[in-house]
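Trainee: Pasting in a structure now, in structure tokens, and then I'll have a few things to ask.
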Amino acid sequence: STRPNADAIIRPDFKFEDLGIGGLDKEFTAIFRRAFASRIFPPGVIEKMGMTHVKGMLLYGPPGTGKTLIARQIGKMLNAREPKIVNGPEILSKYVGSSEENIRNLFKDAEAEYKKKGDSSALHIIIFDELDSVFKQRGSRGDGTGVADNVVNQLLAKMDGVDQLNNILVIGMTNRKDLIDSALLRPGRFEVQVEIHLPDEEGRLQILKIKTKKMVENNVLGKDVDLQKLAELTKNFSGAEIEGLIKSAGSFALNKHIKVGTLGQLNGDFSNIIIDMQCFLNALE
Ligand code: ATP
């Protein structure tokens, strides 16, 4: 067979810095080594060891820490098809009656391509958000309709069945790993589990740099803005909250140019709005 080798599976121009992920290099490396490394060896190597590729991975941790971002960016780093993203509650509510069919459809393109191209098919990534909403521990699950059970069974059937399909990786995400049925975490299913933490100070600094890059390029970030100081002041912030802080600082800068007591009249010279340190401090307040 012609399983993709390193050249085929990792884009040769790949650089971690280009992914726009702040502070998660250790996690990204762990994900790569544990979930993808087997895919870069030449055909036969892992078979000889009696191994199979990882086809399910769970990313867990607090909200807004970049789980979705990582899952998407993995697809960019690898020579993968545009990931399909599904949301747990959506599968259960929006498509009542056709939930199982929806699960089947998720795998359809990958299966068709595999039939045609075998191991040289590109990797298909399926991202399953809010996995816990569907895959709660047995007994605690259920809305009385059995819909959740059917969806679980269908997904398990698909994952258990992708043994011959080397071109699928399902990435599950959750804020509550403790709620997830342990049957899902065993080998062959979501067998690799990586925790995505809140960023530390260095991580927060990286995220601040990434998210203010455009402002710097456009000369709208005040020269007095001390990102290192802001990294210190944002202890326990998630990446999403840092993004929110920057947006809020931007609003403070805009609001300085809206006449007090009006909703639409501008004042001052707003052709050159600067987001300065005070805007960030106001936003932090
Ligand atoms: P949830 O569990 O709530 O779904 P999540 O962990 O999947 O959250 P994302 O959706 O990936 O979080 O991130 C939310 C926002 O915060 C995105 O706009 C993302 O760009 C930004 N963000 C979060 N963490 C990081 C990070 N480490 N580096 C860069 N951006 C980040």
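Trainee: Which loop GluC sites (Glu not before Pro) in region 27-111, with loop taken from DSSP, have no more than 16 other Cβ atoms within 10 angstrom of their Cβ?
Mentor: Sparse-neighbourhood loop GluC sites (Glu not before Pro): none present.
Trainee: Give me Rg/Rg_expected for the chain, where Rg uses Cα atoms only and Rg_expected = 2.2 N^0.38 Å with N residues.
Mentor: Relative to the rule-of-thumb radius for its length, the chain sits at 1.20.
Trainee: Which FRET efficiency value, to the nearest 0.05, do you get for LYS229 and PHE270 by plugging their Cβ-Cβ distance into 1/(1 + (r/R0)^6) with R0 = 25 Å?
Mentor: Step by step, r from the Cβ atoms, then E = 0.40.
Trainee: Further question on the same structure: Tell me, what is the Rg over Rh of region 11-131, with Rh the Kirkwood radius over Cα pairs?
Mentor: Rg/Rh: 0.98.
Trainee: Quick one: Karplus J couplings for region 58-64, per residue in order, coefficients 6.51, -1.76, 1.60, θ = phi - 60°, nearest Hz, x for Gly and Pro?
Mentor: Along region 58-64, the couplings run 10, 9, 9, x, x, x, x Hz.
Trainee: While we're looking at this one, here's another question. Give me the tail of P(r) for region 9-74 as a percent: Cα-Cα pairs with distance above 17 Å.
Mentor: Tail of the P(r) past 17 Å holds 48 percent of the pairs.
Trainee: Now for a separate question. Fully extended, how many nm does the chain gain between ASP109 and ALA183 (0.36 nm per residue separation, minus their Cα-Cα distance)?
Mentor: 24.0 nm
Trainee: Around ILE85, which amide H atoms from residues at least 5 apart in sequence, or from another chain, sit under 5 Å from its own amide H, with H modelled in the peptide plane?
Mentor: Sorted by chain and number, the residues that satisfy this are ILE127.
Trainee: Continuing with this model, one more query. At q = 0.19, 0.21 Å⁻¹, what log₁₀ I(q)/I(0) does region 150-285 have when each alpha carbon counts as one equal point scatterer in the Debye sum?
Mentor: Those come out to -1.03, -1.18, one per q.
Trainee: Rounded to the nearest whole Å³, what is the per residue volume of the convex hull around the Cα atoms of region 61-123?
Mentor: 102 Å³
Trainee: Quick one: which residues, 5+ away or cross-chain, put their amide H under 5 Å from the amide H of VAL225? H built at 1.01 Å from N.
Mentor: The answer is MET277.
Trainee: Something else: Pop out the ³J(HN,Hα) list for region 230-245 in order, Karplus 6.51 cos²θ - 1.76 cosθ + 1.60 with θ = phi - 60°, rounded to Hz; leave Gly and Pro as x.
Mentor: 5, 4, 5, 7, 10, 3, 6, 7, 8, x, 5, 6, 5, 4, x, 4
Trainee: Could you give the radius of gyration (one decimal) and Dmax (whole number) of the Cα atoms in region 230-285, in Å?
Mentor: In order Rg, Dmax, the Cα atoms of region 230-285 give 13.0, 38 Å.
Trainee: Here is a follow-up. Separation between the THR29 and SER98 pseudo-spin-labels, each 7 Å from Cα along Cα→Cβ, expressed in nm?
Mentor: Result for the modelled spin labels: 4.6 nm.
Trainee: Computed FRET efficiency, Cβ-Cβ of PHE16 and ILE258, R0 41 Å: what is it to the nearest 0.05?
Mentor: Result of the calculation: an efficiency of 0.50.
Trainee: What is the set of long-range amide H partners of VAL170 at a cut-off below 5 Å, with H atoms built 1.01 Å from backbone N?
Mentor: Counting only residues 5 or more places away or on other chains, the set is GLY56, MET57, ILE126.
Trainee: Below 26 Å, Cα to Cα, which lysines can LYS117 reach? Residues fewer than 8 away in the same chain don't count.
Mentor: In chain and number order, the partners are LYS48, LYS55, LYS76, LYS84, LYS108, LYS158.
Read-outs: derived from the displayed coordinates by stated rules, not from any lab. Model, not experiment: these values are computed from the prediction. Ideal geometry is used to build each Cβ from the backbone, glycine not excepted, and the neighbour counts take in all protein chains shown.
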